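**Student:** Have a look at the structure that comes next, please.
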Amino acid sequence: MTEHNHEANDGTRHDTERGAFIVLEGIEGVGKTTQMAVAEQALKDAAKSLVCTREPGGTAAGEALRSVLLDKDGAPLSLEAETLLMFAARANHLHEKIRPALNRGDWVLCDRFTDASYAYQGAGRQLGVARIAVLEKWVQAELRPDLVIILDAEPELALTRAKNRGPVDRFEQESLDFFHRARQVYLDRAKAHPERYAVIDASMPLEAVSQAVAATVAGFVHQWDQS
């Protein structure tokens, strides 16, 4: 990862030092919920003022849209409608929670962000990356996460875990091919931007995955604080 100058990713500079934006990503069943708690504790141990959030969701409107997007028994959604609802929730999330937190110097830890749209809608649903890129530019301007931790596992293993934990949602019921495409996009994006991404093998024993996540977060904090 490269050094950070603490400028906002949209090219502006704030009166107070900007907080960092960290995202956990990965396909279903890789253990994001567990590792969000690990990352949160690592940031608290580093004495960071922290906002934890998730996508889709994070705001009252976003959580309402989350229910529509994830309900497998709800009204069917076209690919275009699903994608636009994801970005509508994201736009509100950025406006109400993420940007204000970063601007006042808080750190933001988010369960999923736009990489999920590239993986799920762009690749899994085969919308293509070009349309996702247009929406990303419109909704986010230049804002990008400072660190994306991708929890990676073979879809066969990850989906078995997801199904074993209880009822599945609209995305968890998708095919293996869907998740193979999604996983590949995650890995491709990490390879294209190694300065902002860390890939962790989520097929390792839980303790080993947690140790890797904690070490990645601690290393990023040290780098950020020293820059």
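The values are calculated or read from the model by the stated rules, or taken from the named source; none is laboratory data. Everything numeric here is computed off the predicted structure, so don't read it as measured data. Counting neighbours? That spans all protein chains shown, and the Cβs are built from the backbone with ideal geometry, glycine included.
**Student:** Does the range 165-185 contain any residue that is surrounded by fewer than 13 Cβ atoms within 10 Å (Cβ to Cβ), part of a loop (DSSP other than H, G, I, E, B), under 17 Å from the mean Cα position of the chain (by Cα) and among the charged types (D, E, K, R)?
**Tutor:** Looking through the range 165-185, none of the residues is surrounded by fewer than 13 Cβ atoms within 10 Å (Cβ to Cβ), part of a loop (DSSP other than H, G, I, E, B), under 17 Å from the mean Cα position of the chain (by Cα) and among the charged types (D, E, K, R).
**Student:** Do the conditions hold for L151, that is, is it in a strand (DSSP E or B), under 21 Å from A39 (Cβ atoms) and within 14 Å of the chain's Cα centre (by Cα)?
**Tutor:** Judged against the criteria, L151 is a match.
**Student:** Can we say V134 is under 17 Å from the mean Cα position of the chain (by Cα), among the β-branched types (V, I, T), under 26 Å from R90 (Cα atoms) and part of a helix (DSSP H, G or I)?
**Tutor:** So V134 fails the test.
**Student:** Given A39, A141, which one is among the small types (G, A, S), in contact with a Ser or Thr (Cβ under 9 Å, 6 or more places away or on another chain) and over 24 Å from L176 (Cα atoms)?
**Tutor:** Only one candidate qualifies: A39.
**Student:** Taking T53 as the residue in question, decide whether it is among the hydroxyl-bearing types (S, T, Y) and at pLDDT 95 or above.
**Tutor:** yes
**Student:** Another question, if that's okay. Kindly evaluate F179 against the criterion of being out of contact with any Cys (no Cβ under 7 Å at 6 or more places or on another chain), modelled with pLDDT under 95 and among the hydrophobic types (A, V, I, L, M, F, W, C).
**Tutor:** For F179, the condition - out of contact with any Cys (no Cβ under 7 Å at 6 or more places or on another chain), modelled with pLDDT under 95 and among the hydrophobic types (A, V, I, L, M, F, W, C) - is not met.
**Student:** Name the residues in the range 195-227 that are in a loop (DSSP other than H, G, I, E, B), loosely packed, with under 13 Cβ neighbours inside 10 Å and touching a residue at least 40 places away in the same chain (Cβ under 8 Å), would you?
**Tutor:** Hits for the range 195-227 are E195, S227.
**Student:** If I ask for residues that are hydrophobic (A, V, I, L, M, F, W, C) and touching a helix residue (DSSP H, G or I) at 6+ places or on another chain (Cβ under 9 Å), which ones from the range 213-227 would you list?
**Tutor:** Result: V213, A214, A215, V217, A218, V221.
**Student:** Continuing with this model, one more query. If a residue must be closer than 27 Å to S175 by Cβ and of a type in the set (V, I, T), how many such residues does the range 88-142 contain?
**Tutor:** 4
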